[in-house]
1. Restricting things to alpha carbons, tell me how big region 16-166 is in terms of Rg and Dmax, in Å.
2. Taking the radius of gyration and the Kirkwood hydrodynamic radius from Cα positions alone, what is the Rg/Rh ratio for region 129-171, to two decimal places?
3. Where the centre of each part is set by its Cα atoms, how far does region 12-31 sit from region 44-74, in angstrom?
4. Just how many % of Cα pairs in region 9-58 lie over 15 Å apart, if you round to the nearest whole percent?
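Rule-based calculations on the coordinates, nothing more; no lab input. Worth saying up front: this structure is predicted, and the values here are computed from it rather than measured.
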């Protein structure tokens, strides 16, 4: 179950990790814009705000209690979520452009997929995952490559599980493959490759995302440890 799928937000009782925090901040930012068109999303956004505030008060309010491991985990989570947000943004742009070429709009696509207007908006904005059926229909109807529609970013829990199983199997060939998986997840090459493919924009406003990603990889410790961190990040991570 994807805990940050829009239907599950109100069921969350707490954020459990830095990755949860970054994903909550990203979703909170997306919902800021979406609430203007769909007020039913307001309770979910408000609940996320409370969860974010509670987590930061417990884990980031005391400078003396912050560890190097915590900062490294935060940097890693921040980079991963930046990649996820940029992938969703790029996919949205490609779908929008292709619809325009065909003389269609998002509402037409919703009808083709059998979805309502609000549901389609949630899919396109990444607050609800596309089903495999939706992906294949968009691929065939709009002639968009699957690599644009399906995220290449692996879930960290999947990587951890696969690493554990490969260690148990102890097969040299698989060890090489898991190294490839890790590199594609967060290695320096991934930053450059995603930048070239358009999944990483040069920056948000006056903030260079590429520099931010490279700094995180190199282990530069960047962290703002007040509630203002949440306020600023929710603005930066909003994709128009």
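1. Reported Rg and Dmax, both Å: 18.1, 58.
2. Values: Rg = 15.2 Å, Rh = 12.5 Å.
Radius of gyration relative to Kirkwood radius: 1.22.
3. After rounding, the separation between the Cα centres reads 10 Å.
4. Values: 474 of 1225 pairs.
In whole percent, the long-distance tail amounts to 39.
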